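Chemist: Just dropping this structure here.
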């Protein structure tokens, strides 16, 4: 990274917007950062955050489990046990069986894998769109800005849940990849807004002006100077998007507007299980529990990343001066709104 | 200020129209309302299908269909459904059901959310603060449909433990209910509790997180110290000076929170069998019904924009600097 000095100097180079004095003494910050690269510093801060670390471990374990479970589980997700209908958890069927003898454990693992994969892929697509739109709108200004922001406004008025649900009949029978693309197309608006705001301030910074006066083309400036300087926020936002997308996807699938029948996701499993939820709770409790745990893990990671990448977010607040690594971040910088948008 | 608000209003109305058009066009392109008719066995004569197509204006260009629909909609006629029922006849009842849910959910959600947020900010790093934080995180990670199902499950346990039908989880009122005003009120409340809770829990978690951080910001500020220095008790300083300032960011969040509420409402209505707008949207999509979809979209867009406007008004009420400008 060529411009680490801007985001890297903890509390030094970042504009001190508020009138409040910095709570953390500067020499302490410098002592902490001396002789350490930014990457190492961020990693160290992240690893010190027990909650975030737990979240990461849980998420990785769950994903690995869902991917490898076909290797050791006694049943496959599309197999039927004709000797066991609607049975509770047992040694042979760890999570029980459904009305038609499907193994709930295998199905849940399959659904978990689908939901997590969809969440990760969508977040990747969304951050690409958001950074291009946000950086272009902020950097070029004028009608580009107005046009793009108008589209953003429009998509905020029209809940993405609604649009995707309306388009979904056209997707019946097509692959889940198309569904991922659709989700990604409607998940980037708020991030783009925030990135645009950051670009507006970055554009006036000396190093960007210098590059411009040296005759660097706009595309290069955006790629080399604008985007790397927004990397922290982008990383945090990807995490948040993963969580919110998983919720959106399961919500759509719950209504039958998402992942389509031969395939399963946590949403379709919960829907199928919930019809008899009151008498056979194992049909949806495992899927539901894993869903909550995974999203919770993602959210903890997001918070940990925010603490590690953006310690200034805490400035000017009543913070204990001793080390308090496990404290939740006080002011989420990106609206959490999207997180629950789906459901 | 007035001109600014007026310009915002024009922009809002334009957004509403474009959003509705977008939904209408997407629905018209993806839906296949005669598919079910064609799939019938034995197949109906071609003339029947053609008549249905003509009735639904399927062969006209989409922009033209939209303009015709909008022209009627402005006069209060939102068209007919695929099965030829009037949308306008059903609309007021559905809107009533949805708005009741939204209003109660918002009031309970914001009220309790603000209280919870302030409480955990004042008692920062105590057990109650950690408990509230944990609660918010879990709720924010739970989709509304799961929350609704779990509450239903708990209510059933509660009912069987109490040996009586304390909470009801289907419909918004008992069909054919006979009884006096008070009995009817009790009946309504029994139906209301669970859906309202389903919607409000998410709102409480959402608002309390932000209220907590806003309040923490204020707690460390100089003006609060000054207020106490000039002789106000801590309680008075906190509530007269602190809370008011800490509420300002909430006004901006309100618009976001409301959008979230609408989608959450769709799930809640479906799970608890309330025939509101959200339920109608799902029904409309399942029935390949363009008119229902467009009507619900218009309703949602108008609500989102009203909440955006209300958000501006709250802001002006809470922050005198906005009013003076």
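The values are calculated or read from the model by the stated rules, or taken from the named source; none is laboratory data. In this text, all values refer to a predicted model and were calculated from it rather than measured experimentally. Note that each Cβ is placed from the backbone with ideal geometry, even for glycine, and that neighbours are counted across all protein chains shown.
Chemist: Looking for whichever is modelled with pLDDT under 90, more than 23 Å from the chain's Cα centre (by Cα), surrounded by fewer than 20 Cβ atoms within 10 Å (Cβ to Cβ) and within 14 Å of chain B (Cβ to nearest Cβ) here; the options are A:170, A:91. Which one fits?
Modeler: A:170
Chemist: Given the conditions (1) in contact with a helix residue (DSSP H, G or I) (Cβ under 7 Å, 6 or more places away or on another chain); (2) part of a helix (DSSP H, G or I), report the number of the one that residue B:103 does not fulfil.
Modeler: (1)
Chemist: Something else now. In region A:275-289, which residues are surrounded by fewer than 24 Cβ atoms within 10 Å (Cβ to Cβ) and within 11 Å of chain B (Cβ to nearest Cβ)?
Modeler: Within region A:275-289, A:275, A:277, A:278, A:279, A:281, A:285, A:289 meet the criteria.
Chemist: Identify the single condition in (1) surrounded by fewer than 24 Cβ atoms within 10 Å (Cβ to Cβ); (2) modelled with pLDDT under 85; (3) under 22 Å from the mean Cα position of the chain (by Cα) that residue B:261 does not satisfy, given that it satisfies every other one.
Modeler: Residue B:261 satisfies all of (1) surrounded by fewer than 24 Cβ atoms within 10 Å (Cβ to Cβ); (2) modelled with pLDDT under 85; (3) under 22 Å from the mean Cα position of the chain (by Cα) except (1).
Chemist: Okay, next question. Condition first: more than 19 Å from the chain's Cα centre (by Cα) and either touching a residue at least 40 places away in the same chain (Cβ under 8 Å) or loosely packed, with under 15 Cβ neighbours inside 10 Å (or both). Now tell me which residues in region B:189-212 satisfy that.
Modeler: Hits for region B:189-212 are B:189, B:209, B:210, B:211, B:212.
Chemist: Follow-up question, since we're still on this one. I'd like to check something: does region B:194-201 contain any residue that is part of a helix (DSSP H, G or I) and at the interface with chain A (Cβ under 9 Å from one of its Cβ atoms)?
Modeler: Checking region B:194-201: not a single residue is part of a helix (DSSP H, G or I) and at the interface with chain A (Cβ under 9 Å from one of its Cβ atoms).
Chemist: Can you go through B:33, B:44 and tell me which one is away from every other protein chain (no Cβ under 13 Å), outside any helix (DSSP H, G or I) and surrounded by 10 or more Cβ atoms within 10 Å (Cβ to Cβ)?
Modeler: After applying the criteria, what remains is B:44.
Chemist: Can you confirm whether region A:221-242 contains a residue that is closer than 30 Å to residue A:76 by Cα and either surrounded by fewer than 22 Cβ atoms within 10 Å (Cβ to Cβ) or within 14 Å of chain B (Cβ to nearest Cβ) (or both)?
Modeler: Yes, region A:221-242 has at least one match.
Chemist: Can we say residue A:305 is surrounded by 24 or more Cβ atoms within 10 Å (Cβ to Cβ), under 18 Å from residue B:146 (Cα atoms), more than 7 Å from chain B (Cβ to nearest Cβ) and at pLDDT 75 or above?
Modeler: Values: surrounded by 24 or more Cβ atoms within 10 Å (Cβ to Cβ): yes; under 18 Å from residue B:146 (Cα atoms): no; more than 7 Å from chain B (Cβ to nearest Cβ): yes; at pLDDT 75 or above: yes.
No: the conditions fail for residue A:305.
Chemist: Out of all the residues in region B:166-185, which are at pLDDT below 80 and surrounded by 12 or more Cβ atoms within 10 Å (Cβ to Cβ)?
Modeler: Selection gives B:166, B:167, B:168, B:169, B:170, B:171, B:172, B:173, B:174.
Chemist: Among the candidates B:148, B:117, B:111, single out the residue that is modelled with pLDDT of 90 or more, part of a helix (DSSP H, G or I) and within 13 Å of another protein chain (Cβ to nearest Cβ).
Modeler: Values: B:148 fails: modelled with pLDDT of 90 or more; B:111 fails: within 13 Å of another protein chain (Cβ to nearest Cβ).
Every option except B:117 fails the conditions.
Chemist: If you don't mind, there's one more thing I want to ask. Which of the helices (runs of 4 or more DSSP H) found entirely inside region B:216-325 contain at least 1 residues meeting this: within 11 Å of another protein chain (Cβ to nearest Cβ) and either free of Cβ contacts under 8 Å to residues at least 60 places away in the same chain or closer than 27 Å to residue B:117 by Cβ (or both)?
Modeler: It comes to B:222-229, B:243-272, B:277-286, B:290-318.
Chemist: Can I ask one more? Pairs, please: C-beta under 6 Å, at least 6 apart or cross-chain, first residue more than 7 Å from chain B (Cβ to nearest Cβ) and in region A:144-160, second assigned to a helix (DSSP H, G or I) and at pLDDT below 85?
Modeler: Partner pairs satisfying both residue conditions: none exist.
Chemist: Tell me whether region A:248-269 contains one or more residues that are within 30 Å of residue A:141 (Cα to Cα), surrounded by 24 or more Cβ atoms within 10 Å (Cβ to Cβ) and more than 14 Å from chain B (Cβ to nearest Cβ).
Modeler: No: zero hits.
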